[in-house]
Amino acid sequence: MGSQSAVTSRYQESVADYWDREKNPVNIRLGEVDGIYHHHYGIGDVDWSVLQAPADDREARVIAEMHRLETAQAEFLLDQLGPVTAEQRLLDAGSGRGGTSLMASLRFGCRVDGLSISGKQVDFANNRAEQMGLSGKVNYHLRNMLDNGFADGTFQAIWNNESTMYVDLHSLFAEHARSLAPGGRYVTITGCFNDAYGALPSRSVSQINAHYICDIHPRSEYFAAMVENGLVPISVVDLTAATIPYWELREQSNVTTGIEEAFLTAYKEGSFHYLMIAADKV
């Protein structure tokens, strides 16, 4: 399936093409641990004993530990959604290979929709949902998160798990606010650059932008764009310290992508933050 129908600019076309072609072992190998494929990073304390495992078992144990940390990140995001009933609906905006959507449906028993502008990701995620017996509950769509195609007030909760850096935040939060039911919850976990460090991204943040063809936003813009669209932040958690161990382990793994040093430098120098922001529609 091509991705043309979901893109509205040459930039989005290049992003869709990137993710259509992407087959990084750091995404594929970790998902093979239990069939839940993520496209994000991890949080929590590392079990460093995996690095001392016998040579023939070390790589598998490192992969499993990294997957445990990225699953912990998704669990933490879902913890922020508040009460969700089986009759309500959730939206995963920028759903990647679909892992967080599957976890949400398994936890809440509700219907979940995922959106991606990558046709390859959508096909992969729908196949995984079918293999897990969730194709009636979890559906992935080749759609743009800035124009999701759902009726006003459809969703009790919407989240972006490391996908906001590909779009304009004011346009995104306007569409999310439209799609949320009154009192609905929005949650994002994202990397953002620290306004207090400087008005422009640091060298290391710029390297991350170039690597992923994205545009990391300043921290202040998240809050300004939310409030502008009637999304009132109720919880902000700085996960920077919690994600550094994941990156330190990944740097010593066999699935590095070359961007690990830039992330660690950016986090440790204070130019880059890893935040969870939860907001309610008012």
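A few points about this structure:
- The residues of region 1-134 expose on average 44 square angstrom of accessible surface per residue, using a 1.4 Å probe on protein heavy atoms.
- Computed from label points 7 Å out along Cα-Cβ, the spacing between D147 and D168 is 1.3 nm.
- Rolling a 1.4 Å probe over the protein heavy atoms of the chain, with every protein chain left in place, gives an accessible area that is 51 percent carbon and sulfur.
- For the set R185, R68, the ranking by accessible area, highest first and with no ligand, DNA or RNA atoms included, is R68, R185 under a 1.4 Å probe.
- For the chain, calculated [θ]222 nm from helices alone, where every DSSP H run of n ≥ 4 adds -39500 (n - 2.57): -13000 deg cm²/dmol
- Maximal additional length on extending the R21-A241 stretch stands at 76.0 nm, based on 0.36 nm per residue less the C-alpha distance.
- Spacing of the two label points (7 Å from each Cα toward its C-beta) at M132 and R203, in nm: 4.2 nm
- Length gained when the stretch D56-E261 is fully extended (0.36 nm per residue, less Cα-Cα span): 71.1 nm
- Scattering from region 5-121 was approximated by placing one identical point on each alpha carbon and applying the Debye formula without solvent; log10 I(q)/I(0) at 0.15, 0.16, 0.20, 0.23 1/Å stands at -0.77, -0.85, -1.10, -1.25.
- Each label point was placed 7 Å from the Cα along the Cα-to-Cβ direction; for S5 and E228 their separation is 3.1 nm.
- Antiparallel DSSP beta bridges within region 10-281, as percent of all bridges there, nearest 5: 45 percent
- If the convex hull is drawn through the Cα atoms of region 46-89, its volume per residue in Å³: 81 Å³
- Using only alpha carbons, region 135-282 has a radius of gyration to Kirkwood radius ratio (Rg to Rh) of 1.00.
The values are calculated or read from the model by the stated rules, or taken from the named source; none is laboratory data. Note that the structure is a prediction, hence the values are computed from the model and not measured. Cβ sites come from the backbone with ideal geometry, for glycine too, and all protein chains shown count toward neighbours. Just so you know, the surface numbers come from the protein's heavy atoms only, side chains and all, with ligands and any DNA or RNA stripped out. Shrake-Rupley method; radii C 1.70, N 1.55, O 1.52, S 1.80 Å.
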